[in-house]
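Some notes on the structure that comes next.
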Amino acid sequence: MGGFHCPLGAMAPGTEGCIHCGLCTAGTREAYAKAAEKLRAYIRENVPRPRRVEKIAVCGKGGVGKSTVTAAFARAFSSLGYRVLVLDTDESNPTLARALGLPPCESMLKRPDSRFEPAESPSWLREDLDISDIPADYLSAAGNLMLVTAGKLEDPFAGCACSIGALAQLLMLNLELQEGEVVIADTEAGVESFGRGVERGADTVIAVAEPSLDSLEVAEKVKYMAEGLGISRFRTILNKVPDEETAELLTEYLEGKDIRYLGWLGQEKEVVRHGLAGTPLDKTEDAYLKLENMLKLFLDENEMDYPL
Ligand SMILES: Nc1ncnc2c1ncn2[C@@H]1O[C@H](COP(=O)(O)OP(=O)(O)O)[C@@H](O)[C@H]1O
Ligand code: SF4
Ligand SMILES: [Mg+2]
């Protein structure tokens with residue numbers, strides 16, 4: 001069945017669990033859309049409802065595509081009618097605001113400091129926090145899409161990234177979301193700080209991996225650590241995959257490790273082009289549509305409604 005993972009877990013078309021939706025064999029965009037619709041309808045009717053998806057942490061090795069995936073997922077959530085808060089916890093990279101098409105915002109933490117204690121956090125950052133309680137100064141927003149930045153290290157001697165992680169974690173834990181609201185956090189690279197950052201407040205972890213053993217092993221460790229935090233909803237997205245054959249190799253690897261994945265994205269020219277221009281993906285471009293489709297399948301699998 002090529003490099004495509006059957007969302008229902010069937011090994012191949014016609015085998016146990018297959019509902020003959022045609023997703024894995026679709027050759028055109030129209031056929032793909034029709035098959036995806038059939039599959040979504042089936043999932044909506046048949047998969048038991050787990051706890052709703054509210055707080056997602058996007059993890060993985062540096063440079064694998066975390067910010068690219070976070071931005072596309074956030075924009076797709078927003079198009080589906082969700083109120084979306086994107087939490088930028090990357091202490092050095094300015095990519096995320098650009099990929100979202102939003103102006104950069106003022107960091108919550110002005111001077112990152114290793115001595116930062118949660119007790120010193122600002123008074124508005126209390127328990128049962130509503131998204132609307134976040135001061136407007138810290139938000140960059142367009143419609144129902146919002147960005148908040150934990151902190152940035154502007155120069156090599158500026159401070160310590162641990163304080164940024166601690167503040168981001170507090171925000172993630174304290175937010176009390178309403179129906180139709182989601183938070184999606186773009187996390188620090190690697191696994192060194194996993195469990196000390198925003199992941200603690202997440203109900204879903206998505207690891208992005210590229211075709212390298214290093215990044216697959218990071219994804220595997222992230223899964224192991226997420227399970228340790230009691231987060232059972234773990235998915236992987238394979239990114240920058242050169243061809244179907246490599247996708248197949250990678251998905252076999254993940255299946256062998258019992259790691260669930262949402263899909264794969266190739267080495268996409270438009271992602272490179274927008275990355276260089278500092279602009280968001282166009283919503284009609286293939287890379288965006290593939291990521292949007294992964295999100296829809298994921299939401300259907302978890303019986304999440306589309307507010308619009
Ligand atoms: N599917 C893709 N195809 C081509 N380039 C990509 C793809 N995904 C990401 N990139 C590029 O790789 C670089 C790192 O991506 P980014 O999302 O910033 O990774 P991370 O947040 O994990 O560090 C960026 O220049 C981005 O444009
Ligand atoms: S046809 Fe659909 S259900 Fe059957 S294996 Fe392919 S993706 Fe899975
Ligand atoms: Mg990034």
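What follows draws every value from the coordinates through simple rules; no lab data is involved. It should be emphasised that the depicted structure is a prediction, and the values quoted were computed from it without experimental measurement. FYI the Cβ positions are ideal-geometry reconstructions off the backbone, even for glycines, and counts take in every protein chain you see.
So for 69, 272, 86, fewest C-beta neighbours within 10 Å to most, what's the order?
Working: 69 25, 272 11, 86 29.
Ascending number of Cβ neighbours within 10 Å: 272, 69, 86.
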- Query: Taking only Cα atoms, what is the 0 to 90° angle, nearest 10, from helix 66-79's long axis to the longest principal axis of the chain?
  - Reply: 80
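Determine, for 243, 286, the number of other Cβ atoms within 10 Å of each Cβ, and report the residues in order from fewest to most.
On the way: 243 12, 286 16.
Result, fewest neighbours first: 243, 286.
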- Note on the structure: Given pairs 55/296; 34/223; 38/290 and cut-off 23 Å on Cα-Cα distance, the over-length ones are 34/223
- Based on Cβ point charges of +1 for Lys and Arg and -1 for Asp and Glu, what charge dipole magnitude is obtained for the chain about its Cα centre, in debye rounded to the nearest 20? 300
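Can you sort 268, 176 so the residue with the fewest Cβ neighbours within 10 Å comes first? Intermediate results must be reported in sequence, preceding the final value.
Numbers: 268 21, 176 12.
Starting with the residue having the fewest Cβ neighbours, the order is 176, 268.
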- Task: Could you state the angle between the C-alpha long axis of helix 244-256 and the longest principal axis of the C-alpha atoms of the chain, as a value from 0 to 90 degrees rounded to the nearest 10?
- Result: 70
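Counting helices only, and only those DSSP H runs with n ≥ 4, report the 222 nm mean residue ellipticity of the chain as the sum of -39,500 (n - 2.57) divided by its residues, in deg cm²/dmol to the nearest 500. Write down the numbers at each step before the final one.
On the way: 8 runs with 106 residues, N = 308.
Only helices count here, giving -11000 deg cm²/dmol.
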- Query: Among 266, 197, 151, which one moves the most in a GNM of the chain with springs linking Cα atoms closer than 10 Å?
  - Reply: 266
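What's the FRET efficiency of residue 303 with residue 213 using the Cβ-Cβ distance as r and R₀ = 41 Å, to the nearest 0.05? Present the calculation step by step, with values, prior to reporting the outcome.
Working: r = 35 Å, r/R0 = 0.86.
E(calc), rounded to 0.05, equals 0.70.
With a sphere of radius 14 Å drawn around the Cβ of residue 63, what net charge do the other residues whose Cβ falls strictly inside it have (Lys, Arg +1; Asp, Glu -1)?
-2
For the chain, build the convex hull from the C-alpha positions and give me its volume per residue in Å³.
Working: hull volume 40.3 nm³, N = 308.
Once divided by residue count, the hull of the chain is 131 Å³.
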- Message: Using only the alpha-carbon atoms, how far is helix 29-46 inclined from the longest principal axis of the chain? Give it as 0 to 90 degrees, nearest 10.
- Response: 80
- For residue 272 and residue 18, extending 7 Å from Cα along the Cα-Cβ vector and measuring point to point gives, in nm, a value of 3.6
